[in-house]
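Structure first, then comments.
The values are calculated or read from the model by the stated rules, or taken from the named source; none is laboratory data. A quick note: this is a predicted structure, and the numbers were derived from the prediction, not measured. So basically every Cβ, Gly included, is an ideal-geometry build from the backbone, and we count neighbours across all protein chains shown. Quick note on the areas: whole protein, heavy atoms, side chains included, nothing else; ligands and nucleic acids left out. Shrake-Rupley method; radii C 1.70, N 1.55, O 1.52, S 1.80 Å.
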Amino acid sequence: MNLIPLLLVIPLAWALLSLLLPRLPLGLLALAGIVLQLGTAAMLWNDVQIHGASRYAIGDWVAPLGITLVADGLTVTLLAMTALIAVVCAFYAIFYLRAYEKERRYFWPLFWFLLAALNGIWLAGDLFNLYVGLELVTLAAVGMVTLSGERHALAAGLRYLYAALLGSLAYLLGVALLYGAYGTLDLGQLSSLLEANLITQLALALMTFGLLMKTAVFPLHSWLPPAHGGALAPVSAILSALVVKSSFYILARIWMDAGNALMPVSAAQLLGALGALAIIWGGWQAFRQSEIKMLVAYSTVAQLGYLMLLFPLAIGQSQQSAILAWQGTMLHLLSHGFAKAAMFLAVGTLVLAVGKKRVVDMAGISAKMPLALFAFGLASVSLMGLPPSGGFNAKWLLMQSAIQSGQWHWVAVLLAGSLITASYVFRVFSVSFQKDADPQIRPTHPALDLSALLLAAIAIALGFGAAIPVELLTLPEEML
Amino acid sequence: MQFAFDSMLGLGLLACAAGVFWSRDLFRSVVMFIAFGLLLALTWVRLEAPDLALAEAAIGAGLTGVLLLDAIGHLRQHKEHSPRNHWLLPLLCCIALALLLILSLNARPEASISLPELVAESLPESGVEHPITAVLLNFRSYDTLLEIAVLLVAAVVAMALNDGLAATARTSAEQSSRDPVLAGFTSRLAPVILLIAVYVLWAGSYMPGGAFQGGAILAAGLVLLKLADFHIERYAESLLRLGLALGFLVFLAVATSVMIGGRPFLTYPEAFAGQFILFIEAVLTFSIGLILFSLFNQSPGQEVPHDN
């Protein structure tokens with residue numbers, strides 16, 4: 001049996017189970033389901049590594065009439081990342097949500113719908129299908145943000161919804177224009193058909209705008225910090241690690257698969273400049289935040305900026321520089337996913353234990369909660385790009401790409417980004433290592449620390465084993 | 001003559017859109033929005049897209065309008081509406097986009113792939129005679145499956161929010177007394193609405209219609225019943241959940257079970273494709289109707305929580 005549809009069927013079936021049978025022990029059920037999904041993703045990974053990329057025509061209708069799913073190196077890597085992060089977050093959520101009776105009932109169905117939608121996006125090879133996937137991701141994510149029902153959560157969720165809907169509509173308009181001009185929605189077919197004309201450029205510009213909005217790229221980022229910073233800890237982790245990556249993934253796929261030759265170098269440099277501003281502005285805002293979860297949320301804004309460097313480093317540059325940029329960007333996407341999920345989980349545990357949200361409330365916490373802080377530290381190492389970590393390898397690849405293409409200004413941005421990251425991370429450390437403070441903490445379940453540590457350890461391990469995913473991440477056009 | 005009608009339609013759309021934006025009264029904005037939806041439905045008819053026209057009239061104008069009116073009811077009790085001041089930048093963006101769209105559509109290249117022809121060629125294998133139903137339920141049924149998931153998630157989110165608010169507020173439905181005229185009228189209309197919904201569903205296999213339109217009509221009937229104070233929602237919550245999820249459940253079950261016979265995901269056995277599609281559409285109509293209704297039903301009652 002083909003494994004590709006299983007990655008959609010499992011999460012959708014589990015979503016229905018958790019919705020219809022809320023009396024079951026949903027956490028344990030979820031753990032079983034997610035392990036199943038992890039196994040499927042691993043087997044598919046193995047398949048692609050041995051046999052190469054594969055296509056799957058749903059309903060036996062071939063594109064352009066039907067919808068074709070694509071499993072290539074990048075897809076299976078992201079599927080595996082999603083399952084890994086989800087399994088740890090689910091484990092964490094089982095213990096974390098003990099205090100949230102009401103939220104728990106709806107967390108699990110939304111969690112599963114979100115996973116199904118993410119898997120759907122990683123596998124999609126069709127522009128309209130990607131739109132439907134984005135809608136499902138957005139709605140499930142907004143629902144998870146508003147789970148607590150508190151006023152600030154509702155406001156953040158509504159803002160997120162408006163921003164995401166504007167993004168969706170812009171993307172959809174672009175898809176409609178492309179369909180009108182070329183008569184197909186299949187990304188693979190479009191890549192050989194696209195020509196440089198006004199309608200194509202307008203369509204790609206609209207889609208890019210919509211996806212930048214959904215990825216929260218500076219200056220379209222203002223919806224992200226309240227949504228990610230205000231949600232429950234496992235929700236924040238999934239949103240920052242996976243959800244914003246899905247729209248970036250589509251953006252990268254469209255430009256690298258289809259529009260590579262169409263994008264003017266100046267537009268690529270502009271996207272890079274937005275990324276650079278995101279790195280600086282997000283970092284500065286992270287440094288200024290008084291609430292610790294908001295600090296981590298702004299850190300996401302900054303880290304998303306690095307992803308944008310793909311465009312100036314890959315478009316209009318040599319093949320070798322483009323490959324390095326592609327690998328570096330995707331490795332950054334992976335390691336940021338693990339590190340940021342770990343960081344949100346660790347911070348969630350700290351806030352749960354201390355009962356307060358501000359950075360200054362964490363004074364002296366190092367003596368009481370060493371493991372959570374250690375996980376935070378490991379995640380920071382990867383975010384800062386210190387060796388050995390996935391973050392270091394990613395930045396190293398990006399830097400090599402910048403040097404090879406002679407674009408020294410991006411080297412400066414990469415270095416400055418690491419310094420800014422260090423500044424806001426060390427702010428947390430300087431407070432938490434204060435000797436004279438004696439914070440009152442509630443005991444938390446050790447499983448919470450363990451989950452955060454596990455994810456942080458994976459982010460570090462990517463520093464040693466980066467070659468495994470990077471091998472799979474060759475430029476997409478070479479694989480199909 | 002047709003040109004005159006079309007230009008009136010276009011101008012009417014623009015006028016309604018302007019009315020939505022610039023009226024000081026929210027109620028007037030919503031009424032303008034509903035009128036906009038109806039004109040848009042007419043526009044789709046003129047563009048020879050009756051399926052879209054049906055959906056737009058039922059969902060865009062009908063149900064969205066009801067939800068918006070409901071929302072105003074809640075806002076009224078709290079604060080006065082302040083007219084928006086930042087309209088210049090969005091307006092300029094819209095005008096610029098419209099100009100670009102006109103320019104680019106004028107220079108549109110001839111599409112090298114003609115999907116309508118492909119659809120027409122494969123129509124005999126699809127099990128239905130109406131090309132749009134064939135696309136929605138067979139050629140691109142995966143999209144529809146996910147769309148149903150989107151609807152279901154919307155209902156789940158509404159339920160979650162409603163649970164969150166339930167602790168602080170409860171509907172005041174208990175106090176209202178049944179209006180005899182509305183009740184009598186509704187009790188006679190309800191069976192007719194049900195009949196129309198089923199007809200639209202059935203018609204979908206050979207002419208415009210189908211699960212979405214039928215579901216929207218069903219939802220409209222349920223909303224009417226609710227407004228007339230027939231409390232159909234007072235069934236066991238688990239039963240309601242099953243109803244909401246039933247369409248998706250059956251769709252997914254069919255999509256997956258065909259894989260046991262070695263077919264790809266969502267491949268109907270060719271000889272029975274028509275029956276499969278009709279069956280799926282029937283449960284979808286039921287669930288879509290319930291989901292759309294529950295979005296209306298889940299909104300908090302007349303008293304909203306005072307958050308301090």
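Residues checked against (1) under 30 Å from A:ARG105 (Cα atoms); (2) surrounded by fewer than 24 Cβ atoms within 10 Å (Cβ to Cβ); (3) of a type outside the set (A, V, I, L, M):
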residue	(1), (2), (3)
A:ALA205	no, yes, no
A:THR208	no, yes, yes
A:LEU211	no, no, no
A:VAL217	no, no, no
A:PRO225	yes, no, yes
A:GLY230	yes, no, yes
A:PRO234	yes, no, yes
A:SER246	yes, no, yes
Selected residue [outside the structural domain of B:GLY214 (by TED's automatic domain parsing), free of Cβ contacts under 8 Å to residues at least 24 places away in the same chain and part of a helix (DSSP H, G or I)] from B:ALA15, B:ALA58: B:ALA15
Qualifying positions in segment A:283-301 - surrounded by 24 or more Cβ atoms within 10 Å (Cβ to Cβ) and either farther than 18 Å from A:GLY230 by Cα or touching a His at 6+ places or on another chain (Cβ under 7 Å) (or both): A:GLY283, A:ALA297, A:THR300, A:VAL301
Test set (1) out of contact with any Gly (no Cβ under 7 Å at 6 or more places or on another chain); (2) surrounded by fewer than 24 Cβ atoms within 10 Å (Cβ to Cβ) - A:PRO387 fails condition number: (1)
Residues (modelled with pLDDT under 90 and more than 10 Å from chain B (Cβ to nearest Cβ)) located in segment A:193-217: A:LEU194, A:ALA196
Residue within segment A:326-346 that is touching a residue at least 40 places away in the same chain (Cβ under 8 Å), open to solvent by less than 10 Å² (accessible area, probe 1.4 Å) and more than 26 Å from A:VAL88 (Cα to Cα) present: yes
So A:GLN404, is it within 24 Å of the chain's Cα centre (by Cα), within 26 Å of A:VAL265 (Cα to Cα) and open to solvent by 30 Å² or more (accessible area, probe 1.4 Å): no
Close pairs (6 angstrom Cβ cut-off, 6 or more residues apart or separate chains): at the interface with chain B (Cβ under 9 Å from one of its Cβ atoms) in segment A:99-117, in a helix (DSSP H, G or I) and β-branched (Val, Ile, Thr) anywhere: A:PRO109/B:VAL156; A:PHE113/B:VAL153; A:ALA117/A:VAL137
Filter pass, B:PHE279 being closer than 30 Å to B:SER122 by Cα and either among the aromatic types (Phe, Trp, Tyr) or surrounded by fewer than 19 Cβ atoms within 10 Å (Cβ to Cβ) (or both): yes
Odd one out for A:TYR160 among (1) in a helix (DSSP H, G or I); (2) open to solvent by 40 Å² or more (accessible area, probe 1.4 Å); (3) more than 10 Å from every other protein chain (Cβ to nearest Cβ): (2)
Test: residue in segment A:13-34 that is assigned to a strand (DSSP E or B) and within 14 Å of another protein chain (Cβ to nearest Cβ): no
Leading residue by the ranking (surrounded by the most Cβ atoms within 10 Å (Cβ to Cβ)) among those in segment A:20-47 that are under 16 Å from A:LEU123 (Cβ atoms) and polar (S, T, N, Q): A:GLN37
Test: residue in segment B:132-149 that is open to solvent by 40 Å² or more (accessible area, probe 1.4 Å), within 19 Å of the chain's Cα centre (by Cα) and within 7 Å of chain A (Cβ to nearest Cβ): yes
Per-region count, segment A:94-125, residues surrounded by 22 or more Cβ atoms within 10 Å (Cβ to Cβ) and touching a Pro at 6+ places or on another chain (Cβ under 7 Å): 5
